[in-house]
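Notes follow once the structure below has been shown.
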Amino acid sequence: MSYENRIWCGTINIRYINQEVDLFGWVNRARNMGGILFIDLRDRTGIVQVVADEQKISNFEEISKLSNEDVIKVKGVVKQRPKDKVNLKIPTGEFEVEAQEIIILSKSDPLPFPINEEDYKEISVDETLRLKYRFLDLRRPKMFKNLYFRHKLIKKIRDFLDENEFLEIETPILSKPTPEGARDFLVPSRLQKGKFYALPQSPQLYKQILMVSGIDRYFQIAKCLRDEDLRADRQPEFTQLDLEMSFIQKNDIFKLIESMLKYCLSETLGIEINTPFPVMDYKQAVEEYCSDKPDLRYPYPVKKLDLQKYPINNENISGNVYYLCIPIPVTRKEIDNLYNMGYKFMYLVKDEENYKGNLAKYVDVEKFNELAGNRTYTIFIISNQEKEKLNEIKQVLIDRKVIMPSVSFYFLWVDNFPLFKLEEDGSISPEHHPFTNVEPNHKQKLIDISKNINSKEDVQKYKEELLSIRSLAYDLVLNGSEIGSGSIRISDPELQKIIFKIIGLTEEEVHIKFGFLLNSFKYGVPPHGGIALGIDRIVSIFSGASSIRDVIAFPKTQSGSCLLTSSPSFVDEEQLRELGIQLLPLAQERYIKTEL
């Protein structure tokens, strides 16, 4: 059978009128109208209607028993549909193919869930079933559209970076265990028993060494792997655009990424975004939006109320008082819902006619008009509580669609991150990673503190000073999700050693884990920096997917399982012996039960 003259189903248009075509695809739906069979034939480009006449098709009895998802070949002639039969719901709806020959290439078993969108919408399909039968799920036009957009986006990224003198260079998958924040996936070496590779959490060290190597501009569509607890927006393996540049400052990174996203989104979706993106200081983001990744589609900050300027004559209002102002009059129904959820607050509502709320009698409402900008509004007030409560109230109103977004997509740079963060156990660790450079005005302060640090106790002694030091790190935020993170890197080996010392690494540990990096720094290091953008998350946001699992061909569940292949799985004892590995008793017991 020849496939040379194949025509895509979704491309049938007026130029094919009265022409003979060969179509191949899946039966989306078949309707036997008594002597006439209507088949909606589907491939990845779309659907076209095929009409089979009992008088013209020799194997009509056979094809009259076609089921959804059977694979067939159709040879026929393209005809214009009668005006009263045009289907405006599909691009090929003005045309149909009069079949001359239909060959069944493959039969389908009964489906665990429908593929065609009309039937799919009528039922609720459990995601675990979709993941188990992923090959069926990916036939759905919505899922294919996500993967197609992903493909086009990555292609445009490559085109743009190639035009800007970047080299795409692959870095090793079998790498070295290094402390980068999450647990490593380890791979035992058969040839060097007792030793392990680590799958890369990111290409961070390799790309820095590429800068030392004189590559100057590097990028990679990189697969990254982290053995961490999963959330709805995380996967153990994920894809990022990783790039690095020499002889640059952070504003150069900002301009490059803004130009790239502007180009890629215009080329793929026809979306025009405004550049440059606004920049917000980390401190402002946390203080006013209670987050280092604020969603400025809802530009309503939480602020401290100046009681001298805006007094509240209520003895229960004291201490730190915070307010949230949103530019709509919230209904009493929504206010009661917030109270029923356990939130404690006072509020003032101004609608077109008057003032409402339990705050109205305690304040000068005209003064509060100044605070709100003399428009319709609702002001929420809390005292002696964490200001995050007001941010939670805002999120409830967003989730209930009381507050609507001001724009569809909002990009934001957040910069001036702290160099260090405080862990739950009280220890100090890098806010981003240990290769992030310090803000120049804080560099001497860091050096001076480091001279007094020789133990964990010393780190605790200078904890507050260390936490106040800022870095040259930055994040790119889209609609409240971090889609990118980067920094200007340390290119001074002595400064790098200081960071290692502060986070508790001994000289021996530094030599074992990072000796190769510090050795490369002895031979001339260019100033360099970069960023990594999360491809999965970007595609998810712009495709409107409810989960990043819907934009990854073969994702894992939140327990890290692939339901399609039933991985992870146990391996043969012989394979373990070759690797010099023996299971602990509990794992051995589980292994035996699974084998039985």
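The values are calculated or read from the model by the stated rules, or taken from the named source; none is laboratory data. Only a predicted model underlies this, so the values are computations on that prediction, with no experimental measurement involved. We place every Cβ from the backbone using ideal geometry, glycine too, and count neighbours over all the protein chains shown.
Residues in the stretch 183-198: is at least one outside the structural domain of residue 575 (by the TED database), under 26 Å from residue 557 (Cβ atoms), buried (at least 18 other Cβ atoms within 10 Å of the Cβ) and free of Cβ contacts under 8 Å to residues at least 40 places away in the same chain? Within the stretch 183-198, one or more residues are outside the structural domain of residue 575 (by the TED database), under 26 Å from residue 557 (Cβ atoms), buried (at least 18 other Cβ atoms within 10 Å of the Cβ) and free of Cβ contacts under 8 Å to residues at least 40 places away in the same chain.
Counted as qualifying within the stretch 35-107 are the strands (runs of 3 or more DSSP E) with 3 or more residues that are touching an Asp or Glu at 6+ places or on another chain (Cβ under 8 Å), namely 46-53, 71-80, 95-106.
Residues in the stretch 262-272: is at least one farther than 16 Å from residue 538 by Cα and of a type outside the set (A, V, I, L, M)?
Here is the first cut: in the stretch 262-272, the ones farther than 16 Å from residue 538 by Cα are none.
Looking for residues that are farther than 16 Å from residue 538 by Cα and of a type outside the set (A, V, I, L, M), one finds none in the stretch 262-272, hence no.
Only residues that are touching a strand residue (DSSP E or B) at 6+ places or on another chain (Cβ under 9 Å) and surrounded by 15 or more Cβ atoms within 10 Å (Cβ to Cβ) were counted across the stretch 159-168, and they come to 2. For the stretch 485-500, what are the residues that are among the charged types (D, E, K, R), surrounded by 16 or more Cβ atoms within 10 Å (Cβ to Cβ) and more than 30 Å from the chain's Cα centre (by Cα)? Within the stretch 485-500, just 497 meets the criteria. Taken over the stretch 201-212, the criterion of being in contact (Cβ under 8 Å) with a residue 60 or more places away in the chain and outside any helix (DSSP H, G or I) is satisfied by 202 alone.
Among the residues of the stretch 436-446, those identified as crowded, with 19+ Cβ neighbours inside 10 Å, more than 24 Å from the chain's Cα centre (by Cα) and in contact (Cβ under 8 Å) with a residue 40 or more places away in the chain are 437, 438, 446.
For the stretch 535-554, does any single residue satisfy the condition of being farther than 28 Å from residue 128 by Cα and outside any loop (DSSP other than H, G, I, E, B)? Walk me through it before giving the result.
Quick first cut of the stretch 535-554, residues farther than 28 Å from residue 128 by Cα only: none.
Checking the stretch 535-554: not a single residue is farther than 28 Å from residue 128 by Cα and outside any loop (DSSP other than H, G, I, E, B).
As a summary of the residue check, residue 148 satisfies the conditions (1) in a helix (DSSP H, G or I); (2) surrounded by 18 or more Cβ atoms within 10 Å (Cβ to Cβ); (3) aromatic (Phe, Trp, Tyr) except for the one numbered (2). Looking across the stretch 101-131 at every residue that is loosely packed, with under 14 Cβ neighbours inside 10 Å, at pLDDT 90 or above and among the charged types (D, E, K, R), the one that is farthest from residue 51 (Cα to Cα) is identified as 126. Entry remark, the stretch 15-44: residues being over 19 Å from residue 70 (Cβ atoms) and either at pLDDT 95 or above or touching a Lys or Arg at 6+ places or on another chain (Cβ under 9 Å) (or both) number 7 in total. Of all residues in the stretch 521-547, those satisfying the criterion of being crowded, with 22+ Cβ neighbours inside 10 Å, farther than 26 Å from residue 209 by Cβ and among the β-branched types (Val, Ile, Thr) are 538, 539.
The test for being touching a residue at least 24 places away in the same chain (Cβ under 8 Å), of a type in the set (A, V, I, L, M, F, W, C), outside any strand (DSSP E or B) and in contact with a Gly (Cβ under 8 Å, 6 or more places away or on another chain) holds for residue 459.
Residues are listed down the side, and each one gets a yes or a no for (1) part of a loop (DSSP other than H, G, I, E, B); (2) more than 30 Å from residue 515 (Cβ to Cβ):
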site	(1), (2)
406	yes, yes
412	no, yes
421	no, no
433	yes, no
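This table checks each residue for (1) acidic (Asp, Glu); (2) touching a Ser or Thr at 6+ places or on another chain (Cβ under 9 Å); (3) closer than 14 Å to residue 72 by Cα.
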{"residue": "1", "(1), (2), (3)": "no, no, yes"}
{"residue": "5", "(1), (2), (3)": "no, no, no"}
{"residue": "12", "(1), (2), (3)": "no, yes, no"}
{"residue": "15", "(1), (2), (3)": "no, no, no"}
{"residue": "41", "(1), (2), (3)": "no, no, yes"}
{"residue": "51", "(1), (2), (3)": "no, no, yes"}
